[in-house]
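The values are calculated or read from the model by the stated rules, or taken from the named source; none is laboratory data. Quantities reported herein were computed from a predicted structural model and do not represent experimental measurements. Neighbour counts are summed over all protein chains in view; Cβ atoms, including those assigned to glycine, are modelled from backbone coordinates with ideal geometry. Keep in mind that these areas ignore ligands, DNA and RNA; they rest on the heavy atoms of the full protein, side chains included. Shrake-Rupley method; radii C 1.70, N 1.55, O 1.52, S 1.80 Å.
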Amino acid sequence: VQLQASGGGLVQPGGSLRLSCAASGSIFSINVMGWYRQAPGKQRELVGSISNNGDTTAYADSVKGRFTISRNSAKNTVYLQMNSLKTGDTAVYYCYIVGPTGIYWGQGTQVTVSS
């Protein structure tokens, strides 16, 4: 199983970015999909997650109301729409999926919020 994340980059405070993460390989079923992030010198934190049918989402308090997670199960893809970005959102963002045999991680994509 491979996860390919994309969409990171440099954006000014108040701007928006959309991250995508596509899973490929021997995938028979995917349960939860989501995103973590890790800023320099900090622990990895959960940003958001979405259930297998997309009905249930959860977010870190720090991103509620600004970030939206969604998925396209037919494409095995999870998205993270990030609006009203702040400098504190600067981090490497990692996608993950929970499958029947364990948790799989993407390679990470850098998001830098700076003026």
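When Pro100 is tested against (1) open to solvent by 60 Å² or more (accessible area, probe 1.4 Å); (2) modelled with pLDDT of 95 or more, only condition (2) is not met.
The condition of being at positive phi and small (Gly, Ala, Ser) holds for only one of Gly65, Gly99, Gly88, Gly106, that being Gly65.
Does Ser114 meet the test of being more than 13 Å from the chain's Cα centre (by Cα) and exposed (fewer than 14 other Cβ atoms within 10 Å of the Cβ)? Answer is yes for this residue. Put simply, of Tyr94, Tyr59 the only residue that is open to solvent by 40 Å² or more (accessible area, probe 1.4 Å), at pLDDT 95 or above and over 10 Å from the mean Cα position of the chain (by Cα) is Tyr59. Among the strands (runs of 3 or more DSSP E) confined to the range 1-105, the ones with at least 3 residues that are farther than 24 Å from Ser115 by Cβ and out of contact with any Asp or Glu (no Cβ under 6 Å at 6 or more places or on another chain) are located at 2-6, 17-24, 33-38, 45-50, 57-59, 67-72, 77-82, 91-99, 102-105.
Taking the criterion of being surrounded by 17 or more Cβ atoms within 10 Å (Cβ to Cβ) and more than 22 Å from Ala23 (Cβ to Cβ), the residues of the range 64-91 that qualify are Leu85, Asp89, Thr90. Does Gln2 satisfy the condition of being touching a strand residue (DSSP E or B) at 6+ places or on another chain (Cβ under 8 Å), open to solvent by 60 Å² or more (accessible area, probe 1.4 Å) and modelled with pLDDT of 95 or more? Spelling it out, it is not the case that Gln2 is touching a strand residue (DSSP E or B) at 6+ places or on another chain (Cβ under 8 Å), open to solvent by 60 Å² or more (accessible area, probe 1.4 Å) and modelled with pLDDT of 95 or more.
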